[in-house]
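A quick write-up on the structure given underneath.
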Number of protein chains: 2
Amino acid sequence: MKKLINDPANVVIESLEGFADAHQDIVELHTDPIFVARTAKKPAGKVGLISGGGSGHEPLHAGFVGFGMLDAAVPGHVFTSPTPDPIVAATKEADRGAGVLHIVKNYTGDVLNFETAAELCEAEDISVATVIVNDDVAVQDSLYTAGRRGVAGTVFVEKIAGAAAERGDSLAEVARIAQATNDNVRSMGVALSACTVPHAGKPSFDLSETEIEIGIGIHGEPGRHREAMTDADGITAQLTAPVIDDLKLAAGDKVALMVNGMGGTPLSELYIVYRHARKMLEDKGVAVERSFVGDYVTSLEMQGCSVTVLKLNDELTGLLDAPVNTVAMRKGM
Amino acid sequence: MKKLINDPANVVIESLEGFADAHQDIVELHTDPIFVARTAKKPAGKVGLISGGGSGHEPLHAGFVGFGMLDAAVPGHVFTSPTPDPIVAATKEADRGAGVLHIVKNYTGDVLNFETAAELCEAEDISVATVIVNDDVAVQDSLYTAGRRGVAGTVFVEKIAGAAAERGDSLAEVARIAQATNDNVRSMGVALSACTVPHAGKPSFDLSETEIEIGIGIHGEPGRHREAMTDADGITAQLTAPVIDDLKLAAGDKVALMVNGMGGTPLSELYIVYRHARKMLEDKGVAVERSFVGDYVTSLEMQGCSVTVLKLNDELTGLLDAPVNTVAMRKGM
């Protein structure tokens, strides 16, 4: 294992320390318990937004803390859910009297620990609403999940719900918009290589020099099937067609298209995937109105990508376009 | 070789097509000859800025085309200099009557072809000034270079000269500021793995499971030496100390610090490197005033990173902070 790390036990905290030092204008690191919050204090009455989950998916979630998206992010150990304790602390930090939305990717550990934290917060009279993100169309149940997994669609939920909270919507309304975003977003991914969790020290699964895994999860969970390596257009078709079908897209629909890198894929290759995914949508008469290409929800150094499509309507487009100032996503005020 | 590509011969053009489709608000692709220019037409009298070089270093350079940075970028084949023809075309596109600055990384092919292009442009009465970027302290001469190589410091030259051009500085003044930036920036990199050029189909060099290459070039050119893999702090020290020495940094100095990923390195690891590089600077009494952590100048899917330090003064800081709206760097207007 060759990684730019020191003691594997300190990977998460050392990385967060660097992150917080580098971006002091946007984020601050809390260490007891560990979570990342905005530096700027939020106005009273603004609904709080928090998310979290295992580390190893950077920039998710801490990279999306800031104006227009999250108020705080709770990172667990690599690929390990955070415990309820820091989730409670982050919820209290994010609360400004109007309640807090928990954005939770659908993994059993995350769901349970956020649920426990929500109950503890409610007992202290903090209103909590929860949206479970489950955008991955690849498989119905999976290694760590009952039902569909939550993957890169989470970024759209955080962006759109964040914009709703910023304009002063109530907790119920922010939760409704977050749910509407989740209902309109679908994803599917592929792995060309496995990744190595630092404390494990070896690849999380074996994939030969000529194989790829279609429908991979963001922790290397099995997908739909393995097959021989083929070209980018062929792979892109296998990711994009199920997404189009599941969203029941038809001529005249408008979408946002995200091609997300898993961490070890050159940006140039993501644009080749984007090119063909866009062509497939346009061939169906679907208009690609907004585009996101890059590393948003990664799996350490895994090579591969995912295709995410968000079906737009005027409300979602307006909120997606709203100003944002986070480390990993910025758009002018 | 497993890559998200189709025919290796079409990697660059297909990637550029995806890039231009995704970001039509910022860039447009010219195809005969191939270069990327801003969508928005520049005002008459603004100095033009162009750069270019072999592809495979994305987001450099096309990701930095837009308000506040480049007017056009000229990509060659992967790791291959563009010919004079597209450089001339991009220069003409960028010219608004006030001349054009060529920002050229110090590789023999790039220098020769930009020089030829500059002569052809001058013959058509377009004023061209050139700055050669040579920030890499690792080696004096290298596989494709006489003198030091140009690496991630190029991003600071493009950002700072771009801001000077945007405020209306003359060609001579923009060239002076670009040169001042280059004179104050130094970099050094490390590779944990090689990368594979698509049309070659095999890794550009061999590096065993336990070795790293200190002082690597962005095309995998040999650096200072190979050694056994060690921890992040040890590696960071080997990259940062020569940069600090070469810049003759002393207590009271102010700097911008960039930790640049080579393409296949998890973002979390880049922050671990940043953390220690920053500590080394602060231990010397040097203030880290601006920070950049991410993939700016890559080598396809190479695992590794570089450390770049720019010594700041009030002029450079002001221009570094100026608004920018490119695909790979955005800062509010």
(message) Based on DSSP loop calls and a cut-off of at most 10 other Cβ atoms within 10 Å, the longest stretch of chain B free of exposed trypsin sites (Lys or Arg not before Pro) is what?
(response) B:42-247
(message) Could you tell me the calculated FRET efficiency between B:Lys331 and B:Arg96, based on Cβ-Cβ distance and R0 = 30 angstrom, to the nearest 0.05?
(response) 0.80
(request) Using only C-alpha positions, report the orientation-averaged shadow area of the convex hull of region B:113-212, nm², one decimal. (result) 8.9
(message) Inside 10 Å of the C-beta atoms of A:206-216, what's the mean count of C-beta atoms belonging to other chains?
(response) 1
(message) Once each part is reduced to its C-alpha centroid, what is the distance from region B:158-225 to region B:269-333 in angstrom?
(response) 13
(request) Could you work out the relative contact order of chain A, using alpha carbon pairs under 8 angstrom and six or more residues apart, expressed as a whole percent? (result) 18
(message) Which of the three applies to region B:154-260, rounded, prolate or oblate, going by the alpha-carbon gyration tensor with a ≥ b ≥ c and a/c under 1.5 meaning rounded?
(response) oblate
(message) List, shortest first and in nm to one decimal, how far the label point of B:Ala146 (7 Å from Cα along Cα→Cβ) is from its counterparts in the other copies.
(response) 7.2
(message) Can you give me the long-range amide H partners of A:Val128? Hydrogens built in the peptide plane at 1.01 Å from N, cutoff under 5 Å, separation of 5 or more residues or another chain.
(response) A:Val100
(message) Suppose you put the label 7 Å out from Cα in the Cβ direction; list, shortest first and in nm with one decimal, how far B:Phe205 is from each other copy's label.
(response) 3.4
(request) Along Cα-to-Cβ, 7 Å out, sits the label point; list in nm, shortest first, how far the one on A:Lys41 is from those in the other copies. (result) 5.0
(request) Return, ordered by residue number, the residues of region B:218-237 whose backbone nitrogen is under 20 Å from a label point located 7 Å along Cα→Cβ of A:Met229. (result) B:220
(message) Please list, by residue number, everything in region A:128-168 whose backbone N is under 20 Å from a paramagnetic label point 7 Å out along Cα→Cβ of A:Arg176.
(response) A:128-133, A:157-168
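How big is the C-alpha Rg of the protein assembly as shown next to the rule-of-thumb value 2.2 N^0.38 Å, as a ratio?
Scaled against compact globular proteins, the figure is 0.91.
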(request) Please give the calculated 222 nm ellipticity per residue for the protein assembly as shown, where each DSSP H segment of at least 4 residues contributes -39500 (n - 2.57) and the sum is spread over every residue; nearest 500 deg cm²/dmol? (result) -10000 deg cm²/dmol
(request) Name all residues of region A:227-263 having a backbone nitrogen under 16 Å from the label point set 7 Å from the Cα of A:Thr317 along its Cα→Cβ direction, giving them as ranges. (result) A:250-257
(message) Need one value for A:298-304: mean number of C-beta atoms belonging to other chains within 10 Å of its residues' C-beta atoms.
(response) 4
(request) Please say if region A:4-109 is rounded, prolate or oblate, where rounded means a/c under 1.5 for a ≥ b ≥ c the square roots of the C-alpha gyration tensor eigenvalues, and otherwise the choice is prolate for a/b larger than b/c and oblate otherwise? (result) oblate
(message) Can you give me the distance in nm between label points at A:Ala44 and B:Ala123, each placed 7 Å from the Cα along the Cα-to-Cβ direction?
(response) 7.4
(message) Residue by residue through A:53-59, how many Cβ atoms from other chains fall within 10 Å of the Cβ on average?
(response) 2
(request) Evaluate E = 1/(1 + (r/R0)^6) for A:Asp183 and A:Met1, where r is the Cβ-Cβ distance and R0 equals 25 Å; express this FRET efficiency to the nearest 0.05. (result) 0.05
(request) Would you please classify the overall shape of chain A from the alpha carbon gyration tensor, given that a ≥ b ≥ c denote the square roots of the eigenvalues, rounded means a/c under 1.5, and beyond that prolate means a/b larger than b/c while oblate covers the rest? (result) oblate
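Since every read-out is calculated from the coordinates, none of them should be taken as a lab result. Source: prediction; values computed, not measured. Quick reminder, even Gly has a Cβ in these numbers, built from the backbone with ideal geometry, and neighbours come from all protein chains shown.
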